[in-house]
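Undergrad: A single structure is presented below for examination.
All of the numbers you see were taken from the coordinates with simple rules; none came from a lab. All figures in this text were calculated on a predicted structure; none of them were measured in a lab. We place every Cβ from the backbone using ideal geometry, glycine too, and count neighbours over all the protein chains shown.
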Amino acid sequence: MSVRIALNNVGYSIGPAKLINDMTCAFTTGITYVVGRNGAGKSSLLQLIATAVRPDQGSIVYSQLIRDDQAGMYRKQLSVEEVRTMIGFMPQHFTGHSDMTIERYLTYMAFHKGIPYRLVKALIEKWLQGSGLYELRRRKLRSLSGGQLRSVGLIQALLNQPRICILDEPFEGLDNHEKSMFKHALNRLAFHSVIIMSTHMLDDIEQSDNNSLIDIEEGTLRYSGGVDTVDHILERFRD
Ligand SMILES: Nc1ncnc2c1ncn2[C@@H]1O[C@H](COP(=O)(O)OP(=O)(O)OP(=O)(O)O)[C@@H](O)[C@H]1O
């Protein structure tokens, strides 16, 4: 059932540097694009939501709509442990396990995510075929190009159709075929998952009622809302 992520006055610092400043916003089912200039705090925000780092001010509350025969519909607050089992995350500098082959790494990740043994081989084969990585499946991650490694990072994040999917610059370095395959997969996932992705590539922002956008500047929220009414925000980045 649907997940909601609410940030309440979230602040995050490293030493004296204030990376995220008093941020209040919420994420629900669909794709939310996170935009902002270099150094705006996009990666920091995604790391916070992915539970990779903790806020030093405010809170992040994860909840899920539950249907219960006795209690009816209600929102259950999720623990960090529960949230972590629901997250697919691709960080900005994804490396995976550089000594593993693509096939071995994805198999390892599939087991790690609890995908039943009997489904793993066919599932990975399908992703590798779709992304054009099948012929490279016995190559070690460390020998891949930036775009190929990014594709592996995206596959591991999407493998188990996570209810929460956090992707930092997912399309960087991908060719058109790879990009359209992953966009298609994300659009399908967006019907029942919260997808949050940062992007520099404004042309990749898809106009849809289901999609949202947040714009941050120097760690502060400048805009949070629909994608359709924000051409003026996007103009800021086209210069
Ligand atoms: N370990 C750190 N110590 C101090 N400052 C940091 C650290 N990591 C990041 N910063 C600073 O925090 C700010 C936000 O960084 P962040 O990587 O979140 O931005 P970003 O919007 O993702 O940038 P980009 O688009 O260039 O990847 C930047 O000014 C960055 O220099």
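Undergrad: Taking the range 79-91, which residues are assigned to a loop (DSSP other than H, G, I, E, B) and within 16 Å of the ligand (Cβ to nearest atom)? Lay out the reasoning, then the answer.
TA: At the first step, the residues of the range 79-91 found to be assigned to a loop (DSSP other than H, G, I, E, B) are 79, 91.
Listed by number, the list holds a single entry, PRO91.
Undergrad: Starting from residues that are assigned to a loop (DSSP other than H, G, I, E, B) and more than 8 Å from the ligand (Cβ to nearest atom), keep the ones in the range 37-53 and report whichever is farthest from ALA157 (Cα to Cα).
TA: The extreme case among them is VAL53.
Undergrad: Now a separate question. Which count do you get for residues in the range 3-36 that are over 15 Å from ASN211 (Cα atoms), in a loop (DSSP other than H, G, I, E, B) and more than 7 Å from the ligand (Cβ to nearest atom)?
TA: Adding up the residues that qualify gives 1.
Undergrad: Could you check the range 106-134 and list, in sequence order, the residues that are in contact with a helix residue (DSSP H, G or I) (Cβ under 6 Å, 6 or more places away or on another chain) and under 20 Å from ARG84 (Cβ atoms)?
TA: Residues satisfying the conditions are LEU106, MET109, ALA110.
Undergrad: Among the residues of the range 56-64, is there at least one that is part of a loop (DSSP other than H, G, I, E, B) and surrounded by 15 or more Cβ atoms within 10 Å (Cβ to Cβ)?
TA: Checking the range 56-64: not a single residue is part of a loop (DSSP other than H, G, I, E, B) and surrounded by 15 or more Cβ atoms within 10 Å (Cβ to Cβ).
Undergrad: Let me ask another. Give the residues of the range 151-179 that are more than 16 Å from the ligand (Cβ to nearest atom) and within 22 Å of GLU82 (Cα to Cα), sorted by residue number. Walk me through how you get there before you give the answer.
TA: Initially, the range 151-179 is screened for residues more than 16 Å from the ligand (Cβ to nearest atom), giving 151-152, 154-165, 174-179.
Within the range 151-179, LEU154, ILE155, GLN156, ALA157, LEU158, LEU159, ASN160, GLN161, PRO162, ARG163, ILE164, CYS165 meet the criteria.
Undergrad: For the range 92-131, give me each residue that is more than 29 Å from HIS200 (Cβ to Cβ), touching a residue at least 40 places away in the same chain (Cβ under 8 Å) and either assigned to a helix (DSSP H, G or I) or in contact with an Asp or Glu (Cβ under 6 Å, 6 or more places away or on another chain) (or both).
TA: Within the range 92-131, ALA110 is the sole residue that qualifies.
Undergrad: Consider only pairs whose beta carbons are under 6 Å apart and that are at least six residues apart or on different chains; among these, list those whose first residue lies in the range 20-35 and is farther than 17 Å from VAL10 by Cβ and whose second residue is of a type in the set (A, V, I, L, M, F, W, C) and outside any strand (DSSP E or B).
TA: Sorted first by the residue in the range 20-35, then by its partner, the pairs are GLY30/ALA190; ILE31/ALA190; TYR33/ILE205.
Undergrad: Here's another thing I want to ask about it. Looking only at the range 102-113, decide whether some residue is acidic (Asp, Glu) and more than 24 Å from LYS42 (Cβ to Cβ).
TA: Applying the first criterion (acidic (Asp, Glu)) to the range 102-113 yields 103.
Now drop any that are not more than 24 Å from LYS42 (Cβ to Cβ), which leaves 103.
Yes, the range 102-113 has at least one match.
Undergrad: Next question. Which residue is farthest from the ligand (Cβ to nearest atom), if the candidates are limited to the range 97-118 and must be of a type outside the set (Phe, Trp, Tyr) and crowded, with 20+ Cβ neighbours inside 10 Å?
TA: Result: ALA110.
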